[in-house]
Each structure stands twice: as structure tokens, then as C-alpha cells.
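Undergrad: Okay, handing you the structure first.
The values are calculated or read from the model by the stated rules, or taken from the named source; none is laboratory data. These numbers come from a predicted model, not from an experiment. All Cβ positions, glycine included, derive from the backbone under ideal geometry; neighbour counts span all protein chains shown. To get the accessible areas, we keep the full protein, side chains included, count just its heavy atoms, and leave off ligands, DNA and RNA. Shrake-Rupley method; radii C 1.70, N 1.55, O 1.52, S 1.80 Å.
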Amino acid sequence: MKEQLVSIILPTYNRSELIKRCVNSVLNQTYSNWELIISDDGSKDETPAVARECAKLDPRIKAKINEVNHGTPSNRNIGLSLAKGDLIFFVEDDLILFPNCVETLVNTYNSLVSSGIKIGAVIPRLLEDNPFSHINADLHKKEATTKKLPFMFNKWTGEVYNNYTEDFNEVQETVTGHACCLYNRSALDEIGGYEEKAYKGTYSREETDLNFRLRKAGYKFFFQPKAVSEHRKIKTGGSRQSNEFKFYYYYIRNHIIFLVRIFGAKALYMIPCYLINVGLRLSKKLSQ
């Protein structure tokens, strides 16, 4: 049986010092039938030149250089529009894939589909070498770890606690995923890809919006801890806000937009619950 083509989409912006190591981790994959689409979003540094240089390393690598900055959600959709694969793997420029990551994700996807499950995405484990202090950092952490949940959803505030660094030693269905999942291409086409206009600034929640719309369409998400990648976060470039005030403003703003878009009338009680909850945590963090 011929391997399915996996389109690996790498959106990037002002990250010239990072993308080579991500590209090298793709080149080292045990799974060979892939294409890598590097979509530069109007970078002002040397990222376009580096992307073109990477495209010369292997005919499976393509570089798309955008003349202007479209923003992360639109840039992801641009990559998706160029993809030829039936499976889509979104990665980030500060991500390093372990050699069998893609192979494990594809095998897991095919196994689940053969069982008659409507799969939206399979989610790899992310190791973080430099986790940032975050106002959401301790939300449900003890409960999620005890219950062995990679993601935990708060029905009152609409927040999702990420516990995806843990190895729970088994594939399990979960409520959503992070920004770097292996998606069913037809499912993404069905819901129209990423929402491009609603989310601003840090662009937080655009991937949660995508995943919850897939859930509404009947698709399921599964976490595969044996597919591993390393998330080496840095504080510059990409869509990160260097100004802390702007970061929290957009973090809160985008979550409220997410609640209204996804939950409709329920947002009437979810927004106040969220603002109280996040206000308490933010006050605690700022007082430390």
C-alpha cells in the first residue's frame, strides 16, 4: 500500500534563526511521502532568503513568500491552499519533530479510521524546554494529571488546560488539540479552514476555534503521546507580543470572541465567569 501524502505546513514570520532546525527535523522523518510548504508571512528579516535556501535542500520542500503580512490564521490557510496531501500536519517554526513523529501520527490516524471513527485530527505530544509563566498555567493541572487528560475543558469559562507534555502511554480521545496537529484534509475543507478575521494580536484561540468547529461537525480528536515533538519556545518573532500589556489584552479579547463565536447564547454566562476567573489569576500573578 502506497503511503499517503502528508502536507506539512510551516507558517513563519521573522524567525530566520529557527526554521532550519525545524526543516532538518522534517528531513529526518522515517515517513518519506511528505511535502513541506514554508509560508513566510511578509518577514522583515532574513526569513524569506532562508526559506528559499531550505527549498533547495529537497524537491519536496516549497517556499511561499508573501509580500505582505496576512496574520497567522490567514497564513495557515495560504499554506493549506497550496497543499496536495490528504493529510495536513501544521507545524511551527520553533518545533522540532522526533524522527518517527509523522509515521506514528499517520499510522494512528489510519488505525482509527479503519475502526469507523470520524477523525478530525491526531495530536502529538509536545515537550517544552522553556515553558513560559502564564495566567492559565495552573488551571486544573492537578485534576488533569490525576485523570490522565492531555486537555481539560472548563464548561463555565470555556478555557482549555493543556497537559500535552505528559506521556499517558496510550492513544485517547480528547476534547481538542494544540496548534500542531495532523488533520483530515477533507474535514478542514468542510469547515472552511481557519477563521481569518476574528482573532487579532497574539492570534490565540484561532486553533481552538478551528478544533471546536470540527467537533460541531462531528469529528473527533485523539492524542497520541508516542508521536513526539519538542517545542523550543522563544519570546521574539512569530505572532508573539513583546509588550506584556498587549499580550494579556489580546489573550482576553480573543477568548471572549471565541466564546461568542462557538457557544452563542451560553457566552452570556461564560464571559462573566471567564473575566472573574482570569482577573483573579492575573492579579495573583502580577502580585508575585
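Undergrad: With the full set of protein chains in place, find how many percent of the accessible area of the chain is carbon and sulfur; take the probe as 1.4 Å.
TA: Carbon and sulfur atoms account for 52 percent of the accessible area of the chain.
Undergrad: Here is a follow-up. Would you be so kind as to identify which of Asn243, Ser229, Cys180 lies farthest towards the positive end of the dipole of the stretch 171-288, taking Lys and Arg as +1 and Asp and Glu as -1 on Cβ and the Cα centre as origin?
TA: Result: Asn243.
Undergrad: Please get the size of the charge dipole for the chain, origin at its Cα centre, with Cβ charges of +1 on Lys and Arg and -1 on Asp and Glu, quoted in debye to the nearest 20.
TA: In debye, rounded to 20, the chain gives about 740.
Undergrad: Let me ask something else. Using the Kyte-Doolittle scale, find the helices of the chain whose mean hydropathy is at least -1.0 and whose Cα atoms extend 24 Å or more along the helix's long axis, counting only whole DSSP H runs.
TA: Helices meeting the criterion: 244-263, 267-287.
Undergrad: Stretched out fully, how many nm does the piece from Asp58 to Lys200 gain, at 0.36 nm a residue minus the Cα gap?
TA: 47.7 nm
Undergrad: Can you list the trypsin sites (Lys or Arg not before Pro) in the stretch 5-81 that are in a DSSP coil and have 11 or fewer other beta carbons within 10 angstrom?
TA: Lys44, Lys56
Undergrad: Using helices alone, what [θ] at 222 nm do you get for the chain, with -39,500 (n - 2.57) per DSSP H run of 4 or more residues, divided over all residues and rounded to the nearest 500?
TA: So the calculated ellipticity at 222 nm is -11500 deg cm²/dmol.
Undergrad: While we're looking at this one, here's another question. Taking percent of Cα pairs over 29 Å apart straight from the coordinates, which label in [x] 27; [y] 31; [z] 53 is the correct one?
TA: Here percent of Cα pairs over 29 Å apart agrees with entry [y].
Undergrad: Still on this model: Could you work out how much longer the chain between Val175 and Leu27 gets when fully extended? Use 0.36 nm per residue separation minus the Cα distance between them, nm to one decimal.
TA: Using 0.36 nm per residue and subtracting the Cα-Cα distance, I get 50.2 nm.
Undergrad: Going by amide H atoms built from the backbone, whose H comes under 5 Å of the H on Glu230, apart from near neighbours?
TA: Correct list: Ile96, Leu97, Phe98, Leu127.
Undergrad: Please give me the summed charge of the neighbours of Tyr31: other residues whose Cβ is under 9 Å from its Cβ, Lys and Arg +1, Asp and Glu -1.
TA: Neighbourhood net charge equals -2.
Undergrad: Now a separate question. When the dipole is taken about the Cα centre of the stretch 1-99, and only Lys, Arg (+1) and Asp, Glu (-1) are charged at their Cβ, what size is it in debye, to the nearest 20?
TA: 240 debye
Undergrad: What FRET efficiency comes out for the pair Lys284/Val68, r = Cβ-Cβ distance, R0 = 41 Å, nearest 0.05?
TA: That gives a FRET efficiency of 0.55.
Undergrad: So, one more: Name the residues whose placed amide hydrogens come within less than 5 Å of the amide hydrogen of Ser43, ignoring near sequence neighbours (fewer than 5 apart) on the same chain.
TA: Excluding prolines and chain starts, which carry no amide H, the hits are Asn14.
Undergrad: If you count only protein heavy atoms with a 1.4 Å probe, what accessible area per residue comes out for the stretch 1-58, rounded to a whole Å²?
TA: Heavy-atom SASA per residue in the stretch 1-58 reads 43 Å².
Undergrad: For the pairs Lys216/Lys266; Lys20/Lys62; Lys84/Lys220; Lys2/Lys84; Lys118/Lys148; Lys118/Lys266, note any where the Cα-Cα span goes beyond 18 Å.
TA: Lys84/Lys220; Lys118/Lys148; Lys118/Lys266
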